[in-house]
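First the structure, in the form of structure tokens, and then the observations on it.
The values are calculated or read from the model by the stated rules, or taken from the named source; none is laboratory data. Note that this is a predicted model, so its numbers are computed, not measured. Here Cβ is always computed from backbone atoms with ideal geometry, including for glycine, and neighbour counts include all displayed protein chains. Each accessible area value is taken on the protein alone, full model and side chains, heavy atoms only, with ligands, DNA and RNA left out. Shrake-Rupley method; radii C 1.70, N 1.55, O 1.52, S 1.80 Å.
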Amino acid sequence: MAAIAPGQLTTADGTPLKVSFARALRRSRLKALGLVLPLFAFLLITFLVPIGDMLFRSVENQLVGRVLHRTVAALADWDPASGELPGEPVFEALVADFVEGRENRTTGRVGVRLNYELGGMSSLFRKTGRRAKRIREAPYRAAMIAIDERWGNLDVWRLVKRESDAYTASYYLAAVDLRFTAEGSIARQEEERQIYLRLFGRTLWLSLIITTLCLLLGYPISYLMATLPVRTSNLLMIMVLLPFWTSLLVRTTCWIALLQQQGVINDLLVWTGLIGEDNRLSMIHNRTGTIIAMTHILLPFMVLPLYSVMKTIPPSYMRAARSLGANPFTAFVRVYMPNTAAGVGAGSILVFIIAIGYYITPALVGGTSGTLISNFIAHHMQVSLNWGLAAALGALLLAAVLALYVLYDKLVGIDNMRLG
Amino acid sequence: MSAPAPREAFVRFADVQKSYDGETLVVKNLDLEIDRGEFLTMLGPSGSGKTTCLMMLAGFETATYGDIFLDGRSINNVAPHRRDIGMVFQNYALFPHMTVHENLAFPLEVRKLGKAEVEERVARALDMVELTGFGSRRPAQLSGGQQQRVAVARALVFEPKLVLMDEPLGALDKQLREQMQFEIRHIHERLGVTVVYVTHDQGEALTMSDRIAVFNDGVIQQISTPEGLYERPENVFVAQFIGENNRLLGTVAERNGDLCSVTVEGGLVQALAVSCGGRGEATILSLRPERVTVAPEAGSCPNVFDAVVEELIYLGDHVRSRLRLLGDEEFIVKVPNSGMHRPMHVGETVQVGWSAEDCRALDSPPSFPAAN
């Protein structure tokens, strides 16, 4: 037993109180751990590991170095700024890599990878891959340039050298519309290829609009539900939640039926004569459609936290304010609204975070002007198979959400957030 | 008004009725006058209509019928925030997002008072409730008693003509409650403001009030000073609700001016005829436990009966004894611990007696349960 310092508290048998206390707690801690373990394991496998994998993929770049390992090793002494092509040994290594890569069918993938950075690389690698095995002896450099003169281009070699590192920032640069120039410095993407910053901006802007609309629409109904008698408020609650229980696809499809040019609302407007047959409004497959459908879908996420906070505000606050001489408006603004801040904050951050990562609704009703960043992430995952870029975009989205979370914590305090 | 009113009451309920559902009346034909500077308590069990009356006065409920006058002016159509009535709520209703200072400044700011005056009045209000230095705290950082004082200060800081208090001490523990009763009473005396106080605690009502209106079933049963209510209850409900009370059921045998004789099971009791009917009518006799004498001197009381001691509870200053007497097994007598009495024993038979004036013969309303 450890020596007991004078003045230290001990139990009856002389054990220090702290030791004894820790022992008593251990059992209940183990029990608690046992209870959270399944969920923790689930989250680890389905949530934390994939996020870690995504973050890794957004910088991972081992393909070039692995497939062209001889070339990369030979390029070690080459100075890209020298203005001269690499020497004969590099070309010899390149031919060897191509011969090996042809058998493994890996050089084509390197071509696709490098094509993200410089157009034409994919075709260069396919072409070279087919012909490289015919080169059996020196001079390798001349032979390669004979296959394709781009092997005599310094930019190609600079690119190969740059992307031979195991990790790259090029995905992140691409995700914010920047690129490496041939010389290796960082520059803006060409005008017509700048899409991601605009998309991030649009995603944030639309999410802000949707959050604001949800707040404007949700606040009065939450107030009503919190102040009406239970029977009526329950009915309202069911009406709020009913869409919540309906399939997302059904709801989105309903909006298509309602909002399309030959849809219910346009027909009604034409029928009542408010708009002419030729001026049917286009409310779907564009930004308007995304805003309307997403506001509808995300409204419950605003109403529920608002309602749960408003429910806890005693009616006597408003009465007290009135009795103290405040007119109904002043009483509402100065007493009621500040007390709903926790609900407004929780609802807004919830809706905003869900909105900036939303995929299915903008994909169905967004058209071109209403698609969000998540749709492009999906595109890179499924169509262009540029997972590195998809991962970089996803990581930026994650960073944005975390930044918002921190900002919210600074402004309101996360402890004050009540979700229900 | 044609009748010469010597002095218009400060607050007047004139034939006020209130119904929430259009079927039952919560407040029935209420007439009540409250004088300037008076401390009036509305006392009654829950659901008796007292809080509804207070809410109508504050303007949070509208009277279904009748008028409420404040300072001679009907306030039926005056919005709550224009009535200039301070109110202390049951759970204080201090604004949790404001500091104590901001809470107190709120009524002054909405009245657009100058900054200097706001500061001065808030400081004075804090001083009044002995909370100087607590201005920067939030309500949640205060104890229950301190919150209570802030609530009182906030209701008074804008110097209203009338202050309403809706069971303001209900959330406090007993000791603090008693202390706050005195503090509120003292503030009332100091400021001379009119207070209408609602409570279901009769002890609180007796301690604090100038007058008490006892509510039951939407009707004021009796309105009187604390002493008047306790000593001279006018009906069975009041007698039963205020203080402890022995009840004997009987029939009026004979009325003799102010007095009457009442036949009860096993004897004839001389009593004061308060609200009983004529000969042959049922009546309930009401008798305070402390007005019964054990072993009275011969000839000192008109009512002397034999009683069997059923139970004795020693309470220090007095012994509470439960006796069986005149068919009532729950007859309570408080015997003072003055050393003048021979100790009683359970099971023995003793003589008890009381004067005719202390035994009040009241009406026997059919709705009132005959025994409980």
In degrees rounded to 10, the 0-90 angle between helix B:174-191 Cα long axis and the longest Cα principal axis of chain B is 60
Within region A:152-258, DSSP-loop GluC sites (Glu not before Pro) with at most 12 other C-beta atoms within 10 Å are A:Glu183, A:Glu190
Longest principal axis of chain A (C-alpha) makes with the long axis of helix A:196-227 (C-alpha) an angle, in degrees to the nearest 10, of 10
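Scaled to the compact-protein estimate 2.2 N^0.38 Å, what is the alpha-carbon radius of gyration of region B:52-179, rounded to two decimal places?
Working: Rg = 15.5 Å, N = 128, 2.2 N^0.38 = 13.9 Å.
Against the compact-globule rule of thumb, the ratio is 1.11.
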Semi-axes in Å, largest first, for region A:142-260 (Cα gyration tensor, √(5λ)) are 57, 17, 13
Rounded to the nearest Å, the spacing of the alpha-carbon centers of region B:256-312 and region A:251-300 is 87
With bins of 10 Å, the percent of all Cα-Cα pairs of region A:224-287 per bin from 0 is 20, 29, 24, 23, 4
Listed residues B:Thr194, B:Thr207, B:Thr24; largest mean-square fluctuation, Gaussian network over chain B with Cα springs below 10 Å, found at B:Thr24
Taking Cα atoms, the helix A:121-131 axis meets the longest principal axis of chain A at an angle in degrees (rounded to 10) of 40
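Counting only protein chains, not ligands or nucleic acids, how are A:Arg126, A:Arg105 ordered by accessible area (probe 1.4 Å), most first?
On the way: A:Arg126 130, A:Arg105 200 Å².
Solvent-accessible surface, decreasing: A:Arg105, A:Arg126.
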Links exceeding 21 Å between C-alpha atoms in this model, out of B:Lys50/B:Lys334; B:Lys112/B:Lys161; A:Lys133/A:Lys161, come to B:Lys50/B:Lys334; A:Lys133/A:Lys161
Rounded to the nearest Å, the spacing of the alpha-carbon centers of region A:98-140 and region A:7-71 is 45
For region A:36-116, the Debye formula with one identical point scatterer on each Cα and no solvent gives log10 I(q)/I(0) at q = 0.19, 0.21, 0.27 Å⁻¹ as -0.88, -0.98, -1.21
Largest-first ranking of A:Asp97, B:Asp31 by accessible area, probe 1.4 Å, whole protein assembly kept, is B:Asp31, A:Asp97
So, over other residues within a Cβ distance under 14 Å of B:Pro139, counting Lys, Arg +1 and Asp, Glu -1, the net charge is +3
Measure of exposure for A:Trp78: accessible area at 1.4 Å probe, Å² rounded to 10, is 30
Taking only C-alpha positions in region B:118-258, Rg and Dmax in angstrom work out to 19.5, 70
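I need the per residue convex hull volume for region B:178-297, using only the alpha carbons, in cubic angstrom as a whole number.
On the way: hull volume 18.3 nm³, N = 120.
Here the figure is 152 Å³ per residue.
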At q = 0.26 1/Å the base-10 log of I(q)/I(0) from the Debye formula over the alpha-carbon atoms of region A:129-199 is -1.11
Measure of exposure for A:Ile51: accessible area at 1.4 Å probe, Å² rounded to 10, is 40
Note: chain B, point scatterers on Cα, Debye, no solvent; log10 I/I(0) at q = 0.06 Å⁻¹ equals -0.31
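Probe of 1.4 angstrom, ligands and nucleic acids ignored: what's the accessible area per residue over the protein assembly as shown, in square angstrom? Write out the running numbers ahead of the final one.
Details: 40130 Å² over 792 residues.
With all protein chains present, the protein assembly as shown gives 51 Å² per residue.
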Along principal axes, largest first, the alpha-carbon spread of region A:62-165 in whole Å comes out as 33, 31, 22
In whole Å, largest first, the alpha carbons of the protein assembly as shown cover along the principal axes 148, 91, 54
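Ignoring ligands, DNA and RNA, what percent of the accessible area of region A:62-165 is carbon or sulfur (1.4 Å)? Working shown, then result.
Values: 2420 of 5210 Å².
On region A:62-165, the fraction of accessible area on carbon and sulfur atoms equals 47 percent.
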Expressed as a percent, the accessible surface of region A:196-416 that is carbon or sulfur, using a 1.4 Å probe and the full set of protein chains, is 71
Cα-based Rg then Dmax for region A:196-416, in Å, read 20.3, 66
Kirkwood Rh over alpha-carbon pairs of region A:354-395 plugged into Stokes-Einstein at 4 °C, 1.567 mPa s gives a D in µm²/s of 126
Largest first and rounded to whole Å, the semi-axes √(5λ) derived from the alpha carbon gyration tensor of chain A read 55, 38, 18
In whole angstrom, the spacing between the Cα centers of region B:75-127 and region A:347-415 equals 47
Expected sort for A:164-174, A:231-241, B:249-259 on mean C-beta neighbours within 10 Å, highest first, is A:164-174, B:249-259, A:231-241
Computed over the Cα atoms of region A:164-219, the Rg and Dmax in Å are 17.1, 55
For region B:11-231, the percent of accessible surface on carbon and sulfur atoms (probe 1.4 angstrom, ligands and nucleic acids excluded) is 45
Taking only the alpha-carbon atoms of region B:166-214, the convex hull volume per residue, in cubic angstrom, is 73
Rounded to a whole number, the Stokes-Einstein D of region B:213-372 in µm²/s (Kirkwood radius over Cα pairs; 20 °C; 1.002 mPa s) is 132
Expected output for region A:304-331, residues with a loss of 30 Å² or more in accessible area relative to the chain alone at probe 1.4 Å, reads A:Ser316, A:Tyr317, A:Arg319, A:Ala320, A:Arg322, A:Ser323, A:Leu324, A:Gly325
Under a 1.4 Å probe, counting only protein heavy atoms, B:Glu8 has an accessible area in Å², nearest 10, of 80
Of all DSSP beta bridges with both partners in the protein assembly as shown, the antiparallel percent, nearest 5, is 75
Note: B:56-62 gets an average of partner chain Cβ contacts (10 Å, Cβ to Cβ) equal to 2
